[in-house]
Amino acid sequence: MKGFTLRGAVFGMASLGLLAACERSETLTAPAARASSSATLALEVSDINAVAGARIAVSLSNETSANLGGVQGTLRFNPSQLRYVGQLRDGSSDEILMVNDREASRGALTLVVADGTGIQHSQPILFEVAGAGYAAGLDFDVTDAMLNGSPVARVAALVRGGVRENRALVTTGAASTLSLDEWLAALGGQVSQDPGEIRPGLRFGDVNLNGLLQLDDALFVINVVVGNAELIIGTDGTGPNGDVDGVVAANVQPFNQPGVGAAGDPLAPGIETDGVSREIGLDDALAIVNEFVGNDQPVVGEIIPGRPLSPASNRVVVIGNITTNTTWTNGNIYELRDEVVVTGGATLTIEAGTRIEGIRGGVGQQICGPLPFTPQCPAGQPTTQFASTDGSAFYVARDGRINAVGTPLQPIVWTCTQLAGESARSKGCWGGISILGNASNNRGTSDSPIVTGRATVGGCVQTVAEGRTARLYGGCNDDDNSGIMQYNIIDYAGFRFTATNELNGLALYGVGRGTTIDHIQVHAGLDDGIEFFGGTVNARYLYLTANSDDSFDFTESFTGNVQFVIVQHDPRDSDSGLEMDNNGPDNNALPRSAPKLYNFTVVGKDLASTGGTVGNNSIRGLHVRVGAQPKMFNFIVQNFPFALDIDNDATCTGFNTAAGMEIAHSIFTQVGRLDEPDGSDPVGCAGVGGTEVNALQAAGTNLFPATSPLLSPLNVIVPDFRPTFGTAGGTFAPPANPLGAPAGFLDVTATYSGAVSPASPSRNNVPWYSGWTHGWASAVTP
């Protein structure tokens, strides 16, 4: 057990034990926060008239009775009159002063002051005088301010005008900008030498995953707030702060009562008032500080949902059709055998945090009986042999529904069973998820049936879905509702029966716009990550990683709207980022595939990488063909040998007009070539010269920078897909009525290129994919 002892009341614990058995001394409780609607600060300087070459000290003073626990802001000065020297560590105080001096040459220091017993005077910040009149250039802009208490509370903080002299401020001594480790050493603490991983029992506030709630947890948050530490990059242990979880464990405010983010809670901790965004702030750090000094906080110290002390181990074998309303709970692991189909008007409900595992194929493998995990056969069912070599797959038929609602803290996970003797799971070890609906498509015969409760009219186009067993999809109801999938992870899925008969990670066949699909990760599929076969379903927040064929694919008249999609290739085994088709036999078949695609980030590979499957080692970003006419706005496409391939004349009808395909407000960078010179480029798209280069330049709004705006897109363990603050990725504006998407679906505030909003200046905003998806060391090792 690691602990530390400090002199003052703010961090004065003789030892911090494991949170599961933590006891606090009554003498350590800091004073409760006094009610206050505002706090007033004053800026003090040790000598207003110091001569050139002399040192002066600058400090913030709390002018009110408010129990001010933390202040964040920017100290501004004239760099021609003052030169920043560093900060002094007052050994009699337990106050934390964290400074970011990257903009010191421009006259700005970003800083945070935090003290669990209340701020009186901040510790001194030293400058060397270079010119007279420096006091007039001193100012402090408050970004955030918090009161100590139970719980901590935000307060309005004002800075009194003018600068006053305080000759008691100390100006002598060694000065430096203290790092996280130096602060811990100064305060008597230590960085954990054995950081854990996200595992059973992890609690809110345990940022470094070591089982303790300590000063270093709060200090990491403060470092993120001022921009001294990365929120994502290097947090797997490769960075200077070790293995840390700044996205979930550190993000506690707002507390969002009454719960802690379990299924059924309105909001998880850390979700801001808009119900979507997340940001690491001073309030998170101060809540952690107040918790371990005895000011009990509502969320800090609670077990994070989905991380119980004893994860589910009981297995339930599922075989055949589900024909009555059924619920799968997160206290079990569900083992899929052969083809499992939700049909007969039934709805399958899956609780947040549930794990579903498909079984592999293999003649002679038993459906139930003495396998390594020895599942038991359902009552009355004999032990039988699994006769197919193709393994298990999951279907929702045209008359079935799925209600699979995970949460950011408890996603639903679909994967395959790892049998004894296997070192890792592999791509295609089970068949994935196929949802069949009653919406339109353009390939098949016009004899769709009336489906009770789903399609009141028949006689529209239907056809047979891919797979081992013939199942029909399509119909007359474009508003059809096949259910809801939110916060689901689908790993290692997909089969290839023939070159034209394949199962994907998630296949949506004729699915209607009444269905909800969002926050889905599809990882390491043997075929496509997600494929739309016709239909009108809308989807957003898709995270598609390391899939073998195309990550995002559509065909057969898909006309839905899709926003916020990340594609990250397996550099050794992936084909196109997006493959976009209408109808191969009839390129002009109607309704034509013309989805509206908005805010995609499509990342291939390091172009120096040439290994892997020849012809399938991350070849192209976008492939549009056989008459598809998508609208593509606000994309970022990078790290591909070829950025764009356009095939077939029908694809180019009405190109770059409201009636045809458009590619605009997008960034293409770090590609070998913008075009793929395969001899099939239709002149209608590419114009004079017949190349895709002309097609990309036709809109006049696309950019082709030499470097990527993204922070760390090729990292597969902890990638950061945010555009760097202030780069071109954060400046594009969408059309006035973006893509004509239905009201309420498309986020019209996303006025940037790519799937993720740009990083804030200190990079403390949390991207939407972080915290519920998983990274991967290789395509078979998440």
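The values are calculated or read from the model by the stated rules, or taken from the named source; none is laboratory data. Quick caveat, the model's predicted, so the values are computed rather than measured. Glycine also receives a Cβ, built like all others from the backbone with ideal geometry; neighbour counts cover every protein chain displayed. Note: accessible area is taken over every heavy atom of the protein model, side chains too, but ligands, DNA and RNA are not part of it. Shrake-Rupley method; radii C 1.70, N 1.55, O 1.52, S 1.80 Å.
For this structure, a couple of remarks:
- Looking across region 239-258, just one residue is of a type in the set (Asp, Glu) and either open to solvent by less than 20 Å² (accessible area, probe 1.4 Å) or more than 19 Å from the chain's Cα centre (by Cα) (or both), and that is Asp245.
- The lone exception for Asn547 - which of (1) assigned to a loop (DSSP other than H, G, I, E, B); (2) in contact with a strand residue (DSSP E or B) (Cβ under 6 Å, 6 or more places away or on another chain); (3) open to solvent by less than 10 Å² (accessible area, probe 1.4 Å) it fails: (2)
- The residues of region 212-226 that are in contact with a strand residue (DSSP E or B) (Cβ under 6 Å, 6 or more places away or on another chain) and at pLDDT below 85 amount to a single one, Val226.
- Residue check, Val567 open to solvent by less than 10 Å² (accessible area, probe 1.4 Å), under 27 Å from Ser482 (Cβ atoms) and not in a loop (DSSP other than H, G, I, E, B): yes
- Restricting region 457-492 to residues that are among the aliphatic types (A, V, I, L, M) and crowded, with 21+ Cβ neighbours inside 10 Å, the residue that is farthest from Ala397 (Cα to Cα): Ile489
Residue-wise test of (1) under 41 Å from the mean Cα position of the chain (by Cα); (2) at pLDDT below 85; (3) assigned to a strand (DSSP E or B).
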residue: Val113; (1), (2), (3): yes, no, yes
residue: Gly116; (1), (2), (3): yes, yes, no
residue: Gly131; (1), (2), (3): no, no, no
residue: Ala135; (1), (2), (3): no, no, no
residue: Phe140; (1), (2), (3): yes, no, yes
residue: Val159; (1), (2), (3): yes, no, yes
residue: Val163; (1), (2), (3): no, no, yes
residue: Ala168; (1), (2), (3): no, no, no
residue: Thr172; (1), (2), (3): no, no, no
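- Test: residue in region 76-88 that is modelled with pLDDT under 85 and touching a Gly at 6+ places or on another chain (Cβ under 8 Å): yes
- Residue within region 436-456 that is at negative phi, surrounded by fewer than 20 Cβ atoms within 10 Å (Cβ to Cβ) and at pLDDT below 90 present: no
- With respect to the stated conditions, Thr610 is surrounded by fewer than 24 Cβ atoms within 10 Å (Cβ to Cβ), among the β-branched types (Val, Ile, Thr) and under 21 Å from Ser712 (Cα atoms).
- If the condition is being closer than 18 Å to Gly344 by Cα and without any contact (Cβ under 8 Å) to a residue 60 or more places away in the chain, then region 440-457 contributes Ser448, Pro449, Ile450, Val451, Arg454, Ala455, Thr456.
- Residues considered: Ser65, Ser59. Of these, the only one that is among the polar types (S, T, N, Q), open to solvent by less than 10 Å² (accessible area, probe 1.4 Å) and closer than 18 Å to Val159 by Cα is Ser59.
- Every listed requirement among (1) touching a strand residue (DSSP E or B) at 6+ places or on another chain (Cβ under 8 Å); (2) open to solvent by 10 Å² or more (accessible area, probe 1.4 Å); (3) closer than 26 Å to Cys652 by Cβ; (4) among the charged types (D, E, K, R) is met by Asp586 save one, (1).
- Residue satisfying condition, being of a type in the set (Lys, Arg), surrounded by 15 or more Cβ atoms within 10 Å (Cβ to Cβ) and either at pLDDT 50 or above or out of contact with any Cys (no Cβ under 6 Å at 6 or more places or on another chain) (or both), within set Arg34, Arg24, Arg7: Arg24
- Annotation note: Cβ proximity below 6 Å between a residue of region 265-285 that is closer than 21 Å to Gly306 by Cα and a residue that is surrounded by fewer than 14 Cβ atoms within 10 Å (Cβ to Cβ) (sequence gap 6+ or interchain) occurs for no pair.
- Taking the criterion of being open to solvent by 10 Å² or more (accessible area, probe 1.4 Å), under 20 Å from Asp573 (Cβ atoms) and of a type outside the set (A, V, I, L, M, F, W, C), the only residue of region 503-544 that qualifies is Glu531.
- Of all residues in region 729-763 being at positive phi and assigned to a loop (DSSP other than H, G, I, E, B), the one that is modelled with the lowest pLDDT: Gly744
- Residue in region 290-298 that is modelled with pLDDT of 90 or more and among the small types (Gly, Ala, Ser) present: no
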